[in-house]
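Chemist: Just dropping this structure here.
The values are calculated or read from the model by the stated rules, or taken from the named source; none is laboratory data. Predicted model, so just to flag it, every value in this text is computed and none were measured. With ideal geometry, Cβ positions are generated from the backbone for all residues, glycine too; neighbour counts draw on all protein chains shown. The area values use the complete protein model at the heavy-atom level, side chains included, leaving out ligands, DNA and RNA. Shrake-Rupley method; radii C 1.70, N 1.55, O 1.52, S 1.80 Å.
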Amino acid sequence: MQDTIERIARALQRAERILIITGAGLSADSGLPTYRGLGGLYNGRTAEGLPIEAALSGPMLGRDPALCWKYLAELGRACLGARPNAAHEAIAELQRRKPGCWVLTQNIDGYHRAAGSPPERLIEIHGRLEPLYCQSCGARSAELAEHLQRPLPPRCACGGILRPPVVLFEEMLPERAVATLYEELGKGFDAVLAVGTSASFPYIVEPILRARRLGGFTAEINPGSSEISGLVDLHARARALDVLPSLLSHISGMAICNTG
Ligand code: APR
């Protein structure tokens, strides 16, 4: 494993433009549940006998806001009850050292921002859990934590129902995030590193395919397999928390020897 980590570190050290794609596996090391695979949120059905994807869908928020908010609140409490881990911090440190390093995250926990990743180089393709906004008048509302203390679904002063700016199932991706992603993909990335994602969506596989076409470097950090495991140059079969901090120390070590 050390050899794989050193090879990934060398490739990232050389790269100018780096895209780090992250998924639920990165926050699994903070104690949050993943969606698929062992213990995944999507494996079971809800208490109402629904697939979780139905309960957390746009149509359900419209049809039965109390039910949808029951599961949004569960996600919200889990995210508020944990915090970013050293792997999030290592990614933020890499972004500080590499101005061309971007993060494309599917996570809605807000941990990249909390760990210090620059928001202007962070693409939150599935949105975020806060700030809430009113579906009727558009007013933004107080912190999610406050609303989770009150009866659900949370309501605006105007009487409208509040919602988080997340992408629920059967909803479109945020236009600005998609535009930013494809603008940056158009400039090309020398290296793409996927961390803790099953790569279940085409817009997550696409950056890997494009980097390969441009002769760039691709790698994955995931103890399991994913849709991109057969595509990447290197696959560190390990947890993000066990790899990313040491990856950074290898890069900083190289930086010193390169200038020595
Ligand atoms: N470190 C790295 N990877 C891990 C770890 C860990 N500690 N623990 C689990 N994994 C891997 C799993 O092997 C799996 O491949 O993380 C991946 C998590 O996959 P998913 O649960 O499918 O999460 P993700 O890829 O982020 O899902 C994408 O699906 O429904 C949507 O909105 C949801 O954002 C989510 C998206």
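Yes/no per residue for (1) among the charged types (D, E, K, R); (2) open to solvent by 10 Å² or more (accessible area, probe 1.4 Å); (3) within 15 Å of Leu241 (Cβ to Cβ); (4) not assigned by TED's automatic domain parsing to the domain that holds Glu183:
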| residue | (1), (2), (3), (4) |
| --- | --- |
| His88 | no, no, yes, no |
| Ala92 | no, no, yes, no |
| Gln95 | no, no, no, no |
| Pro99 | no, yes, no, no |
| Ile108 | no, yes, no, no |
| Arg113 | yes, yes, no, no |
| Gly116 | no, yes, no, no |
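Chemist: Report, by residue number, each residue of the range 56-68 that is in contact with a strand residue (DSSP E or B) (Cβ under 9 Å, 6 or more places away or on another chain) and either among the polar types (S, T, N, Q) or surrounded by 15 or more Cβ atoms within 10 Å (Cβ to Cβ) (or both).
Modeler: Leu56, Ser57, Gly58, Met60, Leu61, Pro65, Cys68
Chemist: Same structure again: Kindly indicate whether any position in the range 35-45 is crowded, with 16+ Cβ neighbours inside 10 Å, on the phi < 0 side of the Ramachandran plot and away from the ligand (no atom under 15 Å from the Cβ).
Modeler: no
Chemist: Kindly establish whether Arg77 is modelled with pLDDT of 95 or more and either open to solvent by 70 Å² or more (accessible area, probe 1.4 Å) or within 16 Å of the ligand (Cβ to nearest atom) (or both).
Modeler: no
Chemist: Also, I was wondering about something else. Quick test for you: out of Glu124, Glu130, Glu143, pick the one residue that is among the acidic types (Asp, Glu) and surrounded by fewer than 20 Cβ atoms within 10 Å (Cβ to Cβ). Give the steps one after another, and end with the answer.
Modeler: Working: Glu124 fails: surrounded by fewer than 20 Cβ atoms within 10 Å (Cβ to Cβ); Glu130 fails: surrounded by fewer than 20 Cβ atoms within 10 Å (Cβ to Cβ).
That would be Glu143, the only listed residue that is among the acidic types (Asp, Glu) and surrounded by fewer than 20 Cβ atoms within 10 Å (Cβ to Cβ).
So that you can scan it fast, the table gives a plain yes or no per residue for (1) within 12 Å of the ligand (Cβ to nearest atom); (2) closer than 30 Å to Gly186 by Cβ; (3) modelled with pLDDT of 95 or more:
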position: Leu12; (1), (2), (3): no, yes, yes
position: Glu16; (1), (2), (3): no, yes, yes
position: Pro51; (1), (2), (3): yes, no, no
position: Ser57; (1), (2), (3): yes, no, yes
position: Trp69; (1), (2), (3): no, no, yes
position: Pro99; (1), (2), (3): no, yes, yes
